[in-house]
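Q: This is the structure I have questions about; it appears just below.
What follows is calculated from the coordinates using simple rules that are stated; it is not laboratory data. Just so it is clear, the structure is predicted and the values come from calculations on it, not from any experiment. Every residue, glycine among them, receives a Cβ derived from its backbone with ideal geometry; neighbour counts consider all protein chains shown.
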Amino acid sequence: MNKSELVEVLAGRMNIQQYKVRDFINNLQEVIGEELSKEEGGLVLQGFGTFTLWKQTARRGRNPRTGLECPIHARNSVKFKPGKFLLEALNDVKD
């Protein structure tokens, strides 16, 4: 599913216009990005999961085509840890 399909599904389920859903998703992306860019950045959506900043260190890599070593620069990335309710929905767990 891509963003356009997500907008369409949510608009149908919530019975609201697609541009409002698209605006909400864009704002949600901005807020998540802003929170993760903070020094102690992270975002917890109870039951859904946790987004945390992950600082990847610089390291040596290898070009798979040529076999030559090349530097991989340090960068920031994001880790997502799924929450209890999301895991239960994915694994069809019944208590």
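Q: Let me make sure I get this right: for the range 39-95, a, b and c are the square roots of the gyration tensor eigenvalues over alpha carbons, sorted descending. Under 1.5 in a/c it's rounded, otherwise prolate if a/b > b/c, else oblate. Which is it?
A: On the way: a/c = 6.90, a/b = 2.01, b/c = 3.43.
Judged from the Cα gyration tensor, the range 39-95 comes out oblate (a/c at least 1.5, b/c at or above a/b).
Q: Which whole-Hz ³J(HN,Hα) couplings does the range 18-33 yield from phi under the Karplus relation 6.51 cos²θ - 1.76 cosθ + 1.60, θ = phi - 60°, glycine and proline marked x?
A: With the stated coefficients, the range 18-33 comes to 4, 5, 5, 5, 4, 5, 4, 4, 4, 5, 4, 4, 5, 5, 4, x Hz.
Q: Would you look at the GNM of the chain, springs on alpha carbons closer than 10 Å, and say which of GLY49, GLY12, GLY41 moves the most?
A: Of the options given, GLY12 has the highest mean-square fluctuation.
Q: Please return the longest range in the chain lying between exposed loop sites, taking trypsin sites (Lys or Arg not before Pro), DSSP loop only, at most 14 other beta-carbon atoms within 10 Å, and leaving the sites out.
A: Numbers: sites that count: LYS38, ARG65, LYS94.
Longest gap between qualifying sites, sites excluded: 1-37.
Q: Return the Cα extents of the chain along principal axes one, two and three, sorted largest first, each rounded to a whole Å.
A: 54, 38, 33
Q: Go ahead and set up a Gaussian network model of the chain, Cα springs under 10 Å, then flag whichever of GLU39, GLU69, GLU30 fluctuates most.
A: GLU69
Q: Students often get this wrong: which residues of the range 30-47 have the backbone nitrogen under 16 Å from the point 7 angstrom along Cα-to-C-beta of ALA74?
A: Under cut-off, by backbone N: 39-40.
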